Each structure stands twice: as C-alpha cells, then as structure tokens.
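Participant: After the structure tokens below, expect a handful of questions from me.
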C-alpha cells in the first residue's frame, strides 16, 4: 500500500486539530486549509517533500493518487501482478460482502431511498454554508490548466487507440450488474468499462441508486444531476468522464457540496478504470 493518510485518529499536521479518521481529516483540510487545497497536496507536503512517488516496478513513471483511500498507489495500473492496488479480499469474502449488501438493499429499499432523499434536502438548507463550500471548490479549480491539458492529451490517446469514440468496442447498452442482479443502462463505453473494472475487482457499484442532486445551471436555472455510479461499500459517488465544461463544473460542485455535508466522497474518474 502506498504512502498516504492512515484511517486512524490523528492530529492535523498544519494546525494540530484532532480528527477521528482520515475522512474527517480530509474534510478538515478542504474546509480549513485552503492554501493546501486537498488531501493529495497535504500528503505531498508533509510526507513526501513535494515529490510524487514512482512506480515500484522500476519504470520510473509517477504513480497516481487514489481518491477513495487518500494515498498514492504503489504501481501504475497494469504494472503489478493484479493491476490494482487497494483492498484485497478472498473471493469468498467478496461474495459474502456483496450478498450482505444485496440483502440489506432488498430488505430496506424504501427506508434507504427515503433517507437518501432526506439527506439531499438537508444538504441544501444552509445557504451561507453552501456558498462557502462553493467558493472553496471554485478556488481549488482555479489554475487547473495543466490538469485539463493532461486530460485532453489522455482522451486523444484513448480516441486514437479506439477505446472511446465512434470506434470504441462498447456503446450505450444494457449490462447485467451482478451486484444488484439487474440490468443497468450504460450511457457510454466509459461507463461500461468502469462497471466491468469494478466487477473484476469485486467492488460494489450501481447506477440504480436513486440519488438526484439539484444544481444551478450556468444560465441560472435549477436542474437535476444524477451521478453515474454509487458504491454503498464506502458511500462514494462516481462520475465517469474524461472532459468537463461549465455545466459539468456546476454539477460536480453541487455533488461535492452534497457529499461533504453527508460525510460521503465524490470522485470524478478521468479514466474508465475502477477505483
């Protein structure tokens, strides 16, 4: 497992505030230390002397940051035996966990749907708090020209390789999700690739989550955003998209606001690979 923030009670290395776990520390960093911006920069500054770790296979390339567990991967995807660095479980453990999640949703579908609906409503009650969060999120995206350039380059490479675009092997289609036991509609080849990647890793995700998030469109109107996937394993919403525009930014800002209020995570996957 790569270098990152441990999931234990710990003091913030900037101000000393005691945080009960890594998610609590991550939220504290985003709210209170805007100069650091996020958990990745916190780890780089206080654990790695601003140096991004290199892949342990010896290729000399920088590894990526894992948004869900707040740490750098040990390897670039595909450079180690499993192709993925994260939680490791036996097939029996994965099946037992997935069966438990399926049964919970089956037995409590109405209750869980009501709770999610109430959570969305409560998340938008405080206009002052919402405005503060919007300001911090907008600030974190300022000066992100390098990131956007990297995403554009990556998308062009995938388009040329036929992984996305008109020649991609997967289009919009219905796919059987073994976690829910139901067919779920994939709107793009990226969504198909993401779901199949999660299936191969035993990481429970679904598109049938019923979560809708109101957001303010750039034209001033109020619209509704439905994130691509939800994982009840660690309460994470996923958007699978390799580009962004002003409408996407407005959607993602609202989603981050909602997740921060609930103690959840919102992750934009800039590549169609599972977390």
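Participant: Roughly speaking, what is the stretch gain from residue 208 to residue 246, that is 0.36 nm per residue apart minus the C-alpha to C-alpha distance, in nm to one decimal? Intermediate values should be presented prior to the final figure.
Facilitator: Working: separation 38, 0.36 × 38 = 13.68 nm, distance 2.60 nm.
Stretched fully, the residue 208-residue 246 segment lengthens by 11.1 nm.
Participant: A further question follows. At each listed q (0.16, 0.19, 0.22, 0.25 Å⁻¹), what is the log10 of I(q)/I(0) that the Debye formula gives for the stretch 214-270 modelled as equal alpha-carbon point scatterers?
Facilitator: Cα-only, vacuum Debye calculation for the stretch 214-270: -0.47, -0.65, -0.85, -1.04.
Participant: State, in angstrom, two size descriptors of the stretch 10-72 derived from its alpha carbons: Rg to one decimal place and Dmax to the nearest whole number.
Facilitator: 12.7, 39
Participant: Multiply the residue separation of residue 216 and residue 111 by 0.36 nm, subtract the distance between their alpha-carbon atoms, and state the gained length in nm to one decimal. Don't jump to the answer; show the numbers that get you there.
Facilitator: Values: separation 105, 0.36 × 105 = 37.80 nm, distance 2.82 nm.
Extra length from residue 216 to residue 111 when fully extended: 35.0 nm.
Participant: Okay, next question. Could you calculate the FRET efficiency of residue 46 with residue 175 from 1/(1 + (r/R0)^6), where r is the beta carbon distance between them and R0 is 41 Å, rounded to 0.05?
Facilitator: Details: r = 42 Å, r/R0 = 1.02.
That pair, residue 46 with residue 175, gives E of 0.45.
Participant: Follow-up question, since we're still on this one. If I model a spin label as a point 7 Å beyond the Cα along the Cα-Cβ vector, how far apart are those points for residue 185 and residue 9 in nm?
Facilitator: 4.9 nm
Each reported figure results from applying straightforward, stated rules to the coordinates on display, with no laboratory input. This structure is a prediction, so every number in the text was calculated from the model and none was measured. Every residue, glycine as well, gets a Cβ built from its backbone with ideal geometry; the counts of neighbours run over all protein chains shown.
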